Every structure is written in structure tokens, then in C-alpha cells.
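Asks: Following this message is one structure expressed as C-alpha cells.
Nothing in this text is a laboratory measurement; each read-out follows from the coordinates by a stated rule. Every value quoted in this text rests on a predicted model; they were computed, and no experiment measured them. Here the Cβ positions follow ideal geometry from the backbone for every residue, glycine too, while neighbour counts run over all protein chains shown.
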Amino acid sequence: MNAENVRMLVIGAGVNGSAVIIKLVSARLDAKVLARGKRYEEIQNEGIIIEDPFNHKRTVTKVPVINRLDPEDMYDFILVIVRKNQIADLLPVLAQNKSPNIVFMGNNLSGPEEFTKVIDKGRIMLGTVVAGGKRDGDIIRAMVSTPLPSPFGELDGTLTPRLERLVKTLNSAGIKATISRNMIDIQMTHAVGVALIGTLAMKYKCDLHALARSTEDLKLYVDGGREAHQVLRALGHKIVPFTEEFMRIIPRFVQVAGMRALLKSKLGEVGLAYHVSQAPDEMRQLANELRALVDQAGLPVPAIRKVLELN
């Protein structure tokens, strides 16, 4: 199957869903986005408006939009790009639909078991998000691509024709994608960091400059990250990508300085503050999932517990 005749549906028209669908449509692929309520009407009437927060360049892209997924609707790939706490309501709808490949993209600390209880695991694939930003009314203010390719993979880490086809299709649309054999671990390694820094950012009402001034809370983030990696290892997971392992050997004061610089930057504002300010529900969900992992591992993790007390 060539990229040109792959039928795709993007579920979710927030920052990442919007970034993906405009790429697919601009590449003239057969793709639609599913949105609901006011967002459906905005896209239907105005298209998707994206403004780059760095240079303020604005684009408007007309895309095919639907507001429901019926059981008989068939797509080669359904990309699920919503907040983690919104997935539960989608699972029964996805289970009734018979499209063969459902790709869950986003933050996930609890693993795929929630999905496989409702949907045949043979239909499930995993991926990561490709953009960062926020919705501001009908405008998406976001970076629509990442400097590094976003990984996609199978639950069991195997290399399959459908995985190769998915990654090839995304790359043909200008979406940087690569194949990974460790998607569950990648999602969990990323999400523990999001849970920690997201919770700390909420403490300061997403004023990242205020968080940057708190050396104690930045130390708490670094110590919590190291503890979180211990929790994941204790539960049989790998720390992926390998660069995350550097947290064990890089001195804490260096990591604090690096995080402080990031928090003060425009990149930190767009990549972190924008999202956390609009997704406190997802941050609470991830914090609760981290708490469950900590309880399961049974390790002494004082820094994590101190952060979770803020949730």
C-alpha cells in the first residue's frame, strides 16, 4: 500500500491533532480530522489556523472534518491524539469501529492495559506527539514540528509492515517519524518527567520564571526524576531514550542550571507552560498514574511523594 492511498483519521483537533492533520492534508493524503462541538464548527467554517509563536507567521488550512466515528467507517490508520484523561470515553467508540490500526499518541504512564481491555491488542499501536503549544480561541499557537523524529511502534516491539507503512506515510507528509521497538518504555519515561514538571508548574500557576527562581523545587524535580527512573526499573521497564540515563551521572547542580535556563526561554514557555496551562486535568491524571506506580514499586521516593503532595 502506497502512502498516496492510505486513508487516515485524526481524532482530536487540539495542538497536536491540528498539527498532524494539516501536514497530512497539505501532502494531499486522504485524511480527515474528528472534532466536536464548537471546535468542529470552527474547523468547518474557518479551517485550522496555526500561528508560529516564535515568528508569528500564520497559516490557514482547510481540512475535511467530521464530528463522529461510526462503526462502519473504515480507515487504514486512526491516530488518537487527545489528553490521557479523555481516552477512556473514546475506547468504546473505537472498539465498535473495525478499522484495523489504532495509534495512541500522547502521554501515558499506566501502560496500554487500559486500551487492551476494550480493544483487540492486535489493532493497537503507539506513538508520540509531534508539536507543542496551546489553543487560543480558534487559533493554535504552536511549534508544528520537533527537531527530533517522533517514535512509533508496536506493543510487542516487533517490526511489522503496517508500522513501516505508517512511518513512511507520516514522513511523506513532512511529519518526522521513526520506528521504535520500545514504545511502552518511551511513553512511560517521557510521562514521568511530564508528571513531575507539570505538577511543579501548576504550583506556580504556570509562571515558569517563578519556578525557575526556586532552587529547591528544581532540585526536587531532578531528585524526583532520578527516583522515577528507579521506580520504572523496579517494575521491569527500560529508561528510553538512553540519553535519559544521563540523569544518574550529571551532577544535580548542572541539571538545575539547565532546567532553569529552559524555563526562562521561549521554548520552555511554548513547550511546557502553554500545554500545562490548558491541561491541568491531564497533569492530575499523570500524577495519579505516577502515584500508582510508586505504590506498586514500594520504593522510598521522598522527592516524588513531596511533589505529589501538591496534586
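Asks: Do any GluC sites (Glu not before Pro) in the stretch 21-109 lie in a DSSP loop with no more than 13 other beta carbon atoms within 10 Å, and if so, which? Spell out each step's value before the answer.
Replies: Values: sites: Glu41, Glu42, Glu46, Glu51, Glu72; in loops: Glu72.
Loop-located and lightly packed - Glu72.
Asks: Rounded to whole Å and sorted largest first, list the principal axis extents of the Cα atoms in the stretch 156-236.
Replies: That gives 48, 34, 14 Å along the principal axes, largest extent first.
Asks: Another question, if that's okay. Distance between Cα centroids, the stretch 243-311 to the stretch 185-233: provide it in whole Å.
Replies: 1 Å
Asks: May I ask you to list, by number, the DSSP H helices of the chain whose Cα span along the axis is at least 15 Å and whose average Kyte-Doolittle hydropathy reaches 0.0 or more?
Replies: Values: long enough: 15-26 (17 Å, 1.48); 161-172 (16 Å, -0.62); 183-203 (30 Å, 1.16); 215-234 (29 Å, -0.65); 252-263 (16 Å, 0.95); 280-297 (26 Å, -0.68).
Once both thresholds are applied, what remains is 15-26, 183-203, 252-263.
Asks: For the chain, divide the Cα radius of gyration by the Kirkwood radius and give the resulting Rg/Rh value with two decimals.
Replies: Values: Rg = 19.2 Å, Rh = 20.0 Å.
My calculation puts Rg/Rh at 0.96.
Asks: Cα atoms only: what Rg and Dmax, in Å, come out for the stretch 107-250?
Replies: 17.2, 49
Asks: I want the antiparallel fraction of DSSP beta bridges within the chain, as a percent rounded to 5. Before the final figure, lay out the partial values.
Replies: Values: 12 of 36 bridges.
If we restrict to bridges inside the chain, about 35 percent are antiparallel.
Asks: Once the Cα gyration tensor of the stretch 185-308 is found, what semi-axes does its equivalent ellipsoid get, as square roots of 5 times the eigenvalues, in whole Å, sorted largest first?
Replies: Values: eigenvalues 95, 54, 35 Å².
Ellipsoid semi-axes (Å, largest first): 22, 17, 13.
Asks: On to the next question. For the stretch 3-181, just list the percent of Cα-Cα distances falling in each 5 Å bin from zero outward, please.
Replies: Result, from short to long distances: 1, 8, 18, 23, 22, 17, 8, 3, 0 percent.
Asks: A follow-up question, please. Mean residue ellipticity at 222 nm from the helices of the chain, using -39,500 (n - 2.57) per DSSP H segment of n ≥ 4 over the full residue count, to the nearest 500 deg cm²/dmol? Walk me through the intermediate numbers first.
Replies: Working: 12 runs with 137 residues, N = 311.
-13500 deg cm²/dmol, from helical runs alone.
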